[in-house]
Amino acid sequence: MKKIIRVTTVPLSLGGLLKGQLQFMSDHYKVIGISSKGRIHNGKDTIDIVGEQENVQVIPVEMTRQITPLKDLKAVYALYKIFKKETPYIVHSHTPKAGTLSMIAAKLAGVPHRLHTIAGLPLLEVTGAKRRLLDVVEKITYACSTMIYPNSFGLHQIILDNKYTTTDKLKVIAKGSSNGIDTSHFDPSLYSDAANTALKNELGIAANDIVFVFVGRLVKDKGINELIGAYKEISKKHSNTKLLLVGSYEKELDPLLPETEKEINQNPSIISVGWQDDVRPYFAIANVLAFPSYREGFPNVVMQAGAMGLASIVTNINGCNEIITEGVNGTIIPVKNEKALYSSIERFITDGTYAATLANKARTHICDNYERAYVWNAILQEYKTLS
């Protein structure tokens, strides 16, 4: 059986971004997962938990998400040794740092098929000398790869526009997404009215409140400063609303404005529940997803919300503007535009027919286009075409 090694920077991506996919592929290939070690849960490291859940071998290699030249060289060498020992047919990486390190190591080790999936380009928000450095690193990653898989058609074009590689090395698999979505798992019918009422009561949400939910990292790049700025004014005008934030801060990597954090902490209509292993109960009590991100690959959150029957407010960026069709299953607003975000939120509050029409089409659109099995089989067929 041919061997595939899948690499991500952190185990959260290996077990979350690719949830279920490694186990699926293990029916066809010998699969090994590689990422950094993670947090300890009940005496077990996160990477080992991922290995158990996916029923595959996992190997820890320490990788950072920052620019750390000495640690990066050490990681390249560690990956090189693993690749030489395991002699995989394919090394397939996800996330920026894992992509760079593993593609370099795989090329040095002579791995025949070096695949990297692009699920977003953080460097697009960087300027100056750091941007020039990251552009060079990106080109090195692509040069060491044999194929690059942008997980959205918008990313495909951005890569060409930035001249990171050539058309013949690029391919979008299926209709986008790195992993699709399990619509039997993200299904609002799994949550009863009684369960939803209980959670609302626990969070201080009234039965008639209109709930806007954000799921993701509470960072600048996700548009949280604009979201909080817009909702601050909304909450003054519409007392029958709540903003539910599901996610954690990354204060060292991408901090929010101090006034944003202050508003989150002091506004009684903003409910922040932190990181949640299962976000479905929070989608189940919400009415609309508010997701004003600056950049994405192909956002799982927007697919998850749609599968849970929520219309979405998203920014006009790749991935988001492929999942959402204006006026069909959500609305699309300009990036970094607090005024447009305010107007969109207010329309969902004041126009019940509009809100209901968009929500009614949300789940069907996801089921028809992004079901997980469809994406997995498309990736499997891509592997089978390699020779």
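The values are calculated or read from the model by the stated rules, or taken from the named source; none is laboratory data. What you see is a predicted model, and the numbers here were worked out from it, not measured in a lab. Cβ placement follows ideal geometry from the backbone for every residue including glycine, while neighbour counts extend to all protein chains displayed. In case anyone asks, the SASA skips ligands and DNA or RNA and just uses the protein heavy atoms, side chains included. Shrake-Rupley method; radii C 1.70, N 1.55, O 1.52, S 1.80 Å.
For the reader, a short list of remarks on this structure follows.
- Number of positions in region 187-244 that are within 26 Å of TYR370 (Cα to Cα), outside any helix (DSSP H, G or I) and among the basic types (Lys, Arg): 1
- Identity of the residue in region 1-55, farther than 20 Å from THR117 by Cβ and in a helix (DSSP H, G or I), that ends up least open to solvent (accessible area, probe 1.4 Å): GLY51
- Within region 245-280, the residues that satisfy the criterion of being assigned to a helix (DSSP H, G or I) and open to solvent by 30 Å² or more (accessible area, probe 1.4 Å) are PRO258, GLU259, GLU261, LYS262, GLU263, ASN265, GLN266, ARG280.
- Qualifying residue in region 122-139 (condition: touching a Leu at 6+ places or on another chain (Cβ under 8 Å) and not in a helix (DSSP H, G or I)): yes
- Exactly one residue out of SER387, SER344 is open to solvent by 40 Å² or more (accessible area, probe 1.4 Å) and among the hydroxyl-bearing types (Ser, Thr, Tyr): that is SER387.
- Annotation note: Cβ proximity below 6 Å between a residue of region 16-35 that is without any contact (Cβ under 8 Å) to a residue 60 or more places away in the chain and a residue that is open to solvent by 40 Å² or more (accessible area, probe 1.4 Å) and of a type outside the set (D, E, K, R) (sequence gap 6+ or interchain) occurs for GLN23/ASN55; LYS30/MET1; ILE32/GLN57.
- Boolean, ALA356 is farther than 20 Å from ILE173 by Cα and either touching a helix residue (DSSP H, G or I) at 6+ places or on another chain (Cβ under 7 Å) or crowded, with 20+ Cβ neighbours inside 10 Å (or both): no
- Failed item in (1) surrounded by fewer than 18 Cβ atoms within 10 Å (Cβ to Cβ); (2) of a type outside the set (Asp, Glu); (3) touching a strand residue (DSSP E or B) at 6+ places or on another chain (Cβ under 6 Å), with VAL302 passing the rest: (1)
- Of all the numbered requirements in (1) open to solvent by less than 20 Å² (accessible area, probe 1.4 Å); (2) in contact (Cβ under 8 Å) with a residue 60 or more places away in the chain, LEU199 misses one, and that requirement is (1).
- Qualifying residue in region 143-151 (condition: more than 18 Å from ASP72 (Cα to Cα), surrounded by 14 or more Cβ atoms within 10 Å (Cβ to Cβ) and among the aromatic types (Phe, Trp, Tyr)): yes
- Positions within region 108-136 being β-branched (Val, Ile, Thr), surrounded by 15 or more Cβ atoms within 10 Å (Cβ to Cβ) and under 25 Å from the mean Cα position of the chain (by Cα), in sequence order: THR117, ILE118
- Pairs, first without any contact (Cβ under 8 Å) to a residue 24 or more places away in the chain in region 48-62, second among the aliphatic types (A, V, I, L, M) and surrounded by 17 or more Cβ atoms within 10 Å (Cβ to Cβ), C-beta under 8 Å, six or more apart: ASP48/VAL58; GLY51/VAL58
Okay, residues lined up against (1) polar (S, T, N, Q); (2) open to solvent by 70 Å² or more (accessible area, probe 1.4 Å):
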position: GLN157; (1), (2): yes, yes
position: LYS163; (1), (2): no, yes
position: ASP168; (1), (2): no, yes
position: THR183; (1), (2): yes, no
position: PHE186; (1), (2): no, no
position: SER192; (1), (2): yes, no
position: VAL211; (1), (2): no, no
position: PHE214; (1), (2): no, no
position: TYR231; (1), (2): no, no
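- Scanning region 22-49 for residues that are farther than 17 Å from THR95 by Cα and of a type in the set (Val, Ile, Thr) returns VAL31, ILE40, THR46, ILE49.
- Filter pass, VAL314 being more than 22 Å from LYS237 (Cβ to Cβ) and open to solvent by 40 Å² or more (accessible area, probe 1.4 Å): no
- Residue ID - surrounded by the most Cβ atoms within 10 Å (Cβ to Cβ), chosen from residues in region 76-107 that are on the phi < 0 side of the Ramachandran plot and outside any helix (DSSP H, G or I): VAL91
- Within region 359-382, the residues that satisfy the criterion of being open to solvent by less than 30 Å² (accessible area, probe 1.4 Å) and either of a type outside the set (A, V, I, L, M, F, W, C) or under 30 Å from PHE24 (Cβ atoms) (or both) are ALA362, ILE366, TYR370, VAL375, ALA378, ILE379, LEU380, GLU382.
- Pairing residues of region 301-329 that are touching a residue at least 12 places away in the same chain (Cβ under 8 Å) and closer than 21 Å to TYR231 by Cβ with residues that are among the acidic types (Asp, Glu) and surrounded by 23 or more Cβ atoms within 10 Å (Cβ to Cβ), at Cβ distances under 6 Å and at least 6 apart in sequence or on separate chains, gives ILE317/GLU296; CYS320/GLU296.
This table checks each residue for (1) at pLDDT 95 or above; (2) in contact with a strand residue (DSSP E or B) (Cβ under 6 Å, 6 or more places away or on another chain).
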site	(1), (2)
LEU253	no, no
ILE264	yes, yes
PHE283	yes, no
ALA290	yes, yes
GLU296	no, no
